[in-house]
Amino acid sequence: MSYKTELTSLEVLASSLPFRLDEAERVNEAFSSYMSSGLKQQKVLIDLWTYCFVRRYFLMKFLKESAFRSAELDQIVEKTYQKVEKSRGDIESHNRYAQWVSVVCRNTFINFVTRRQAIMGLDQLVMDPPDYSVGTELEDNVAGIHLALVRAVESLPEFLRPTARMKFIEALSYEEISRIIGKRVPTVRSYIHKICSRFRKDQALRAWASQIFEND
């Protein structure tokens with residue numbers, strides 16, 4: 001099945017939802033209601049929206065780059081969906097669920113592209129970077145933002161570096177970082193707040209700050 005055909009099929013599936021995939025406000029209302037009541041019917045609705053949104057996000061990416069393989073699509077969709085499902089209970093602002101899922105997708109795509117480029121070789125990355133443009137400044141320069149983040153992480157105090165690397169380069173959840181570094185989630189959040197404050201002063205990251213740190 002071609003990506004275009006699959007995208008059409010996905011749109012048919014998404015049409016069973018009581019709102020469009022991009023109606024963030026209504027999605028957030030539904031998520032807030034689910035988190036308050038915990039009803040199974042509402043969970044099914046949120047799960048369906050999340051799957052459709054995530055798969056459409058990456059389908060549109062893969063349509064723009066013929067070098068990506070279909071097996072990679074399945075892997076990145078599964079990884080992103082599982083990450084969202086595992087971490088959404090930690091979201092403090094339930095009325096920002098749709099935006100949070102979008103950021104998870106974006107961060108996962110950045111990691112996917114930069115790791116793939118590393119395999120392709122440094123020479124190709126520097127001399128002939130592929131165009132992964134999706135209409136935002138952040139995604140127009142995937143390699144650039146990744147390199148800027150790596151440099152910013154290395155400039156942090158030593159005790160903040162592991163948390164920064166796991167959050168902004170590896171896109172791990174607060175809970176996952178908490179388990180790895182042996183600190184409570186509130187402590188992890190405090191570390192990330194400190195990291196974001198420092199990153200916002202970084203000249204190379206300033207242009208993307210509002211998008212990178214949207215939920216932090």
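The values are calculated or read from the model by the stated rules, or taken from the named source; none is laboratory data. Just so we're clear, the structure is a prediction, and the values are computed from it rather than from any experiment. Cβ atoms come from the backbone with ideal geometry, glycine included; neighbour counts cover every protein chain shown.
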### Message
Looking only at region 16-42, filter to residues that are of a type in the set (Lys, Arg) and surrounded by fewer than 14 Cβ atoms within 10 Å (Cβ to Cβ); which one of those is modelled with the lowest pLDDT?
### Response
Lys40
#### Entry: helices (runs of 4 or more DSSP H) within region 1-95 that include 2 or more residues outside the structural domain of Ala171 (by TED's automatic domain parsing) and among the small types (Gly, Ala, Ser)
3-14, 24-37, 70-87
### Message
Within region 5-51, take every residue that is basic (Lys, Arg) and within 23 Å of the chain's Cα centre (by Cα) and give me the one that is farthest from Ser102 (Cα to Cα).
### Response
Lys43
### Query
Just a yes or no: is a residue in region 176-191 out of contact with any His (no Cβ under 6 Å at 6 or more places or on another chain), in a helix (DSSP H, G or I) and either within 18 Å of Val101 (Cα to Cα) or at pLDDT below 80 (or both)?
yes
### Task
Test Leu205 against the criterion of being more than 25 Å from Lys79 (Cα to Cα), at pLDDT below 75, surrounded by 12 or more Cβ atoms within 10 Å (Cβ to Cβ) and of a type outside the set (Phe, Trp, Tyr), and give yes or no.
yes
#### Entry: Residue within region 61-74 that is out of contact with any Asp or Glu (no Cβ under 6 Å at 6 or more places or on another chain), surrounded by 15 or more Cβ atoms within 10 Å (Cβ to Cβ), at pLDDT below 90 and under 27 Å from Tyr174 (Cβ atoms) present
yes
### Query
Of all residues in region 75-92, which are surrounded by fewer than 16 Cβ atoms within 10 Å (Cβ to Cβ) and of a type in the set (S, T, N, Q)?
Gln75, Gln82
### Message
Against the definition (at pLDDT below 90 and either touching a helix residue (DSSP H, G or I) at 6+ places or on another chain (Cβ under 6 Å) or of a type outside the set (Asp, Glu) (or both)), how does Ser87 come out, yes or no?
### Response
yes
